[in-house]
Amino acid sequence: MDMDVFAVGLMVVGLVFAPVVGFFYPSWLRMKGEEISEKKLYGIRALGIGVLLLMFVLAQLIR
């Protein structure tokens, strides 16, 4: 039972972190005045999705 709660916690962290990194971080960089190349933008968005997938895999290994 405790591991299920931990697995759900990991998924919640992944579900919150993915849009923050993938959407809000590039917007924040633009608001600061930094120019983001298309390649860097795709990399940042891929990082957000990668974190979500990593949390999913860890949650499956725990359960």
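The values are calculated or read from the model by the stated rules, or taken from the named source; none is laboratory data. In this text the structure is predicted, and so the values were computed from the model without any measurement. Backbone-built Cβ (ideal geometry, glycine too); neighbour counts: all protein chains shown. Only protein heavy atoms, including side chains, enter the accessible area calculation; ligands, DNA and RNA are left aside. Shrake-Rupley method; radii C 1.70, N 1.55, O 1.52, S 1.80 Å.
Points to keep in mind about this one:
- Total charge dipole magnitude, the chain, about the Cα centre, Cβ charges on Lys, Arg, Asp, Glu only, Debye to nearest 20: 200
- The chain: angle of helix 38-62 to the longest principal axis, Cα-based, in degrees nearest 10: 10
- FRET E, pair Arg45, Met1, Förster distance 35 Å, beta-carbon r, rounded to 0.05: 0.50
- Taking the protein heavy atoms of the chain in the context of the full set of protein chains, the accessible area attributed to carbon and sulfur is 73 percent at 1.4 Å.
- Burial ranking of peptide ranges 29-42, 49-62 (average Cβ count within 10 Å, highest at the top): 49-62, 29-42
- Of [x] 1.69; [y] 1.36; [z] 2.62, the label for Cα Rg over 2.2 N^0.38 Å derived from the coordinates: [y]
- Looking at the chain, the accessible area is 76 square angstrom per residue; that uses a 1.4 Å probe and ignores ligands, DNA and RNA.
- With contacts taken as Cα pairs under 8 Å at a separation of at least 6 residues, the chain carries a relative contact order of 57 percent.
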